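All of the numbers you see were taken from the coordinates with simple rules; none came from a lab. It should be emphasised that the depicted structure is a prediction, and the values quoted were computed from it without experimental measurement. Here the Cβ is made from the backbone with ideal geometry for all residues, glycine too, and neighbour counts use every protein chain on show.
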Amino acid sequence: YSNNINGYWLPVVVDNGGATNANVGQYNSIAVDTNGFVHISYYDVTNQDLKYATNKSGSFDIYTIDSTGSLGAYTAIALDSNGYPVISYYDAAPNYNLKVAIFDGSSWGISVADSSANNVGLYTSISIDSNNRIHIAYFDATANKIKYATNKYGSWQNFVIDNDGRLGTNGYTTGIFATPQGMVHIVYYDYLLRDLKYATNEN
């Protein structure tokens with residue numbers, strides 16, 4: 001991690017895995033709260049875990065959030081109105097689905113946001129609206145679809161954003177922005193056409 005708050009770049013090792021040849025830090029995502037504290041989600045390749053780091057104590061503290069199987073790739077992090085982190089990520093094994101980790105101020109809760117396909121939840125991005133409803137864009141690798149998940153209706157619901165039926169990967173990386181009212185704007189890469197695409201449900 002590096003910042004230029006003092007006018008120059010100061011790199012800091014957040015997590016080195018604690019062992020020789022450890023591989024940690026892939027698929028990282030970052031958010032900064034209103035007090036300037038940093039929140040980072042990332043994948044520990046060596047242990048195949050979802051991890052989270054924050055410097056709220058003055059130095060970086062490291063936490064393993066989910067370690068049940070091989071999971072934690074394609075993380076995305078956002079903060080709710082309390083400054084609490086919410087992380088979307090891919091459960092690569094044994095479930096191959098989209099998962100979400102939510103911190104409530106004292107503990108983490110883990111939920112499955114989409115398990116509708118054999119391989120769903122890659123390339124996630126996340127945004128939170130003013131009512132603390134979660135919005136996630138991601139890729140369904142089974143059907144080659146860009147999808148959207150939200151809990152704004154009380155429970156997790158999933159929607160297909162792009163389903164044009166062509167062969168090939170319809171969208172690799174995704175990005176999402178939710179307005180305060182919960183309308184969403186999604187960008188993604190169409191690998192087959194080599195195009196940038198944009199979708200929204202806001203009139």
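Between Thr64 and Thr173, the distance separating the two model label sites (each 7 Å from Cα on the Cα→Cβ line) works out to 3.0 nm. Overall form of region 36-145: oblate. Here a/c, set by the Cα gyration tensor axes a ≥ b ≥ c, is 1.5 or more, and a/b is not larger than b/c. Normalising by the residue count of the chain, find the relative contact order in percent from Cα pairs under 8 Å and 6+ residues apart. The value is 11 percent. Using the Cβ of Tyr63 as centre and a radius below 13 Å, the other residues enclosed give a net charge of -3, where K and R count +1 and D and E count -1.
What's the center-to-center distance, using Cα atoms, between region 133-200 and region 1-52 in Å? Cα centres, region 133-200 to region 1-52: 26 Å.
Per-residue extension of 0.36 nm, minus the Cα-Cα distance of Asn82 and Asn203, leaves a gain of 40.6 nm for this segment. Think of each Lys and Arg Cβ as +1 and each Asp and Glu Cβ as -1; about the Cα centre, that makes the dipole of region 1-77 roughly 120 debye.
Taking label points 7 Å from Cα along the Cα-to-Cβ direction, Ser57 and Ser2 give a separation of 2.6 nm. Remark: the chain carries a charge dipole of roughly 200 debye about the Cα centre, counting +1 on each Lys and Arg Cβ and -1 on each Asp and Glu Cβ. Sites listed here are trypsin sites (Lys or Arg not before Pro) in region 157-197 whose DSSP assignment is loop and whose Cβ has at most 13 other Cβ atoms within 10 Å: Arg166, Arg194.
Each residue of region 176-181 was assigned a 3J(HN,Hα) from its phi angle through the Karplus expression (A = 6.51, B = -1.76, C = 1.60, θ = phi - 60°), giving 9, 9, 9, 6, x, 7 Hz with x at Gly and Pro.
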